[in-house]
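A short worksheet on the structure shown next.
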Amino acid sequence: MATPTVPAHRLNPADAPPELRAKLAAARERAIATRHLDGPPAAVTGEAVRFTDTMRRLVTEIKRRRESAGQSVADVAAACGVSEDVVVGLEAGALLNPTWKLLGDYAAASGVRLTLGIEPGE
């Protein structure tokens, strides 16, 4: 069987010849082993969850203040220099790893100041 003329990234693996399917499976296994594609290591998960929860509470409070001030998503997006989809994604929790710059711009555009601090551990 001839190699498909469709680029590999657009090929349905089920339609690929057996030798290409084997290469794709091996590449996936290497990626999983080196990049944690099946999830982060257990030791990291707890810290990541705590950080995500903290960030969600922060964004929820900024959103509440934005809405209280009567600002629209469009207003904040324009002030941040991003699309409305970015702000909607941030507020909905779909943007899982926003930059500190975006968070700071979002807070400032919403009329609050974002600060970074530390607290004693548990």
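None of the figures in this text is laboratory data; all of them are computed from the coordinates on show. Keep in mind that this is a model prediction, so the values were computed, not measured. Positions of Cβ are generated from backbone atoms using ideal geometry, with glycine treated the same way; all protein chains shown enter the neighbour counts.
Provide the packing ranking of 16-25, 79-88, i.e. peptides ordered by the mean count of other C-beta atoms within 10 Å per residue, highest first. Intermediate values should be presented prior to the final figure.
Details: 16-25: 12.8, 79-88: 16.1.
For the peptides 16-25, 79-88, the packing ranking is 79-88, 16-25.
Using the Cβ atoms and a cut-off under 12 Å, what net charge is assigned to the surroundings of ALA69, where Lys and Arg are +1 and Asp and Glu are -1? Can you show the working numbers first?
Values: positive: LYS63, ARG64, ARG65, ARG66; negative: GLU67, ASP75.
So the environment of ALA69 carries a net charge of +2.
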